[in-house]
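I have placed the structure first, in the form of structure tokens, so that the comments after it can refer back to it.
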Amino acid sequence: LDITVRMPQVEKLEVLGSGTIRSGRFDNADHLVLVLKGSGDVLVDGPEKVNALSIEVSGSGDVFCGDVDVASRTIIALAGSGDIRVTGRTESIDIGLIGSGDVDAGEFKASSAKVRITGSGEAEVNSTSAVESIVTGSGRVNVSGSAGSERSRGVGTRVY
């Protein structure tokens, strides 16, 4: 079942359960919120002129947000075994991961980054400045870009 919806502005896309939302290009989202609770998928291609971005995943679902240009802050919260992949650029990124999920922001250029992992999850970030990371458990943080010094606490692995 495919449903096409046209609207002047997108503020929030939410999947509860096992469904899939697939969105084409759109622009002028002040604060775009992508929410996935369950095993579904959220696939967003190329939102432009986004002021802030929030991605929230609870469960085993997957979110892909490609070619997004975020003017200010991106917040990613993942609880469970889901996967999040985001590409593009943002001023700052804040990743909170609980469980065994993965966050791939290696192609999401950020000026600053903060990563908190509890569990065995893995996060990849691309930052031009110091990355602050806190890992509790066997989690792993991979840093790329021209990140300077790092401030890290806890146990786990950090790869630079």
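Listed values, structure above:
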quantity	calculated
Yes/no for D30 being under 23 Å from G106 (Cα atoms), charged (D, E, K, R) and free of Cβ contacts under 8 Å to residues at least 60 places away in the same chain	no
Identity of the residue in segment 88-119, crowded, with 17+ Cβ neighbours inside 10 Å and over 13 Å from the mean Cα position of the chain (by Cα), that ends up farthest from L32 (Cα to Cα)	G119
Test: residue in segment 87-96 that is modelled with pLDDT of 95 or more, among the hydrophobic types (A, V, I, L, M, F, W, C) and touching a Gly at 6+ places or on another chain (Cβ under 8 Å)	no
Cβ pairs under 6 Å, 6+ apart, first in segment 2-25 and within 21 Å of V68 (Cα to Cα), second hydrophobic (A, V, I, L, M, F, W, C) and outside any strand (DSSP E or B)	V10/F26; V10/A29
Segment 5-42, residues that are surrounded by 16 or more Cβ atoms within 10 Å (Cβ to Cβ) and under 19 Å from T87 (Cβ atoms)	V10, L13, I21, S23, F26, A29, L32, V33, L34, L36, D41, V42
Condition met for G80 (on the phi > 0 side of the Ramachandran plot and within 15 Å of the chain's Cα centre (by Cα))	yes
Residue in segment 63-87 that is surrounded by the most Cβ atoms within 10 Å (Cβ to Cβ), counting only those that are within 21 Å of V10 (Cα to Cα) and in contact (Cβ under 8 Å) with a residue 24 or more places away in the chain	C65
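The values are calculated or read from the model by the stated rules, or taken from the named source; none is laboratory data. Values in this document were obtained by computation on a predicted structure and should not be read as measured data. Methodologically, a virtual Cβ is constructed for each residue, glycine included, from the backbone with ideal geometry; neighbour enumeration extends over all protein chains shown.
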